[in-house]
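K.L.:
Have a look at this one.
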Amino acid sequence: MFSRQALRSVRTYATQAPKHVVVPIQLNGLAGKYAGALYSAAVKNDALNKVEADLKGVKASLGDASVQDFLANPILSSSDKASGIEALLKKSSPKGASDLTKNFFQVLADNGRLYETNKVITDFLEIMSAHRGEVKVTITSAAPLEKDLQKRLEDALKASQVAKNGKSLVIENKTNESILGGIVVDFGDRTLDLSVASKVSKLNAQLQESV
């Protein structure tokens, strides 16, 4: 359940945006609500690119143990939270974070939600990806793909109906030894499983049926 204060802050951020702002995708959970509200406010202030840059800078700082400790600490005083946010944004945005980003982090701090920072940023970046009409394509293989095969796959994906519909493809490669061989392609809400593991599983199922 969301606290009344948290929901009130999210609604406040959302109502600062124009009435006709539509968030490209609706994400579940409190982090998704905060991210959607920040997107709406950034649209109103013509600050999408700046806020995105600020948040990417913060995300790059999350590997620092001291930053993680600060965000996860539930007993900091208001003044410590304020100074911590100032230091974090100064470190992650050397040229200066936008006032919108500063105010948003203060909202998270006031509601004791700084520990949600990584989730909020991840959801905001996902909203921005949808805003740009991007479709994330993940190619999973047992071992890194050879360059020639990688290029042929990318060319095929770019010639697919998804790309022809005006979508921009963002291709990511992952390795997972458990698929044994072949590839698994995830794009949009679809999965194309051409892995050896999948074929073995289907063969086992067929053998069980024949017993």
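K.L.:
Please give the contour-minus-distance gain from residue 125 to residue 79: 0.36 nm per residue of separation, less the Cα-Cα distance, rounded to one decimal in nm.
P.N.:
That works out to 13.7 nm of additional length.
K.L.:
Could you run the Karplus curve 6.51 cos²θ - 1.76 cosθ + 1.60 with θ = phi - 60° over region 148-153 and give me ³J(HN,Hα) per residue in whole Hz, x for Gly and Pro?
P.N.:
5, 5, 4, 5, 5, 5
K.L.:
Would you mind classifying region 87-199 by shape? Square roots of the alpha carbon gyration tensor eigenvalues, ordered a ≥ b ≥ c; an a/c under 1.5 is rounded, otherwise it is prolate if a/b is larger than b/c and oblate if not.
P.N.:
prolate
K.L.:
Okay, moving on. So for the chain: antiparallel DSSP bridges make up what percent, rounded to the nearest 5?
P.N.:
60
K.L.:
Just need the relative contact order of the chain here, percent rounded to a whole number, with Cα pairs under 8 Å and 6+ apart.
P.N.:
Answer for the chain is 18 percent.
K.L.:
I've got another one for you. Tell me the per residue accessible area of the chain using a 1.4 Å probe; a whole number in Å² is fine.
P.N.:
On the way: 12890 Å² over 211 residues.
On a per-residue basis, 61 Å².
K.L.:
Which whole-number percentage describes the relative contact order of region 110-180, with Cα contacts under 8 Å and a sequence gap of 6 or more?
P.N.:
Relative CO of region 110-180 lands at 44 percent.
K.L.:
Please work out how much accessible surface residue 83 shows to a 1.4 Å probe, ignoring ligands, DNA and RNA, in Å² rounded to 10.
P.N.:
60
K.L.:
Students often get this wrong: which residues of region 172-201 have the backbone nitrogen under 18 Å from the point 7 angstrom along Cα-to-C-beta of residue 150?
P.N.:
172-177, 182-186
K.L.:
Just the Kirkwood number for the chain, please: inverse of mean 1/r across all distinct Cα pairs, in Å, one decimal.
P.N.:
19.9
K.L.:
Which lysines have a Cα less than 16 Å from the Cα of residue 119, not counting those fewer than 8 places away in the same chain?
P.N.:
Within reach: 33, 56, 59.
K.L.:
Here's something else I'd like to know. Only helical DSSP H runs with n ≥ 4 go in: add -39500 (n - 2.57) per run for the chain, normalise by residue count and round the 222 nm mean residue ellipticity to 500 deg cm²/dmol.
P.N.:
Value at 222 nm, helices only, nearest 500: -18000 deg cm²/dmol.
The values are calculated or read from the model by the stated rules, or taken from the named source; none is laboratory data. Owing to the predicted nature of the structure, the values given are computational and were not obtained by experimental measurement. Quick reminder, even Gly has a Cβ in these numbers, built from the backbone with ideal geometry, and neighbours come from all protein chains shown. Accessible surface areas use protein heavy atoms only, side chains included; no ligands, DNA or RNA. Shrake-Rupley method; radii C 1.70, N 1.55, O 1.52, S 1.80 Å.
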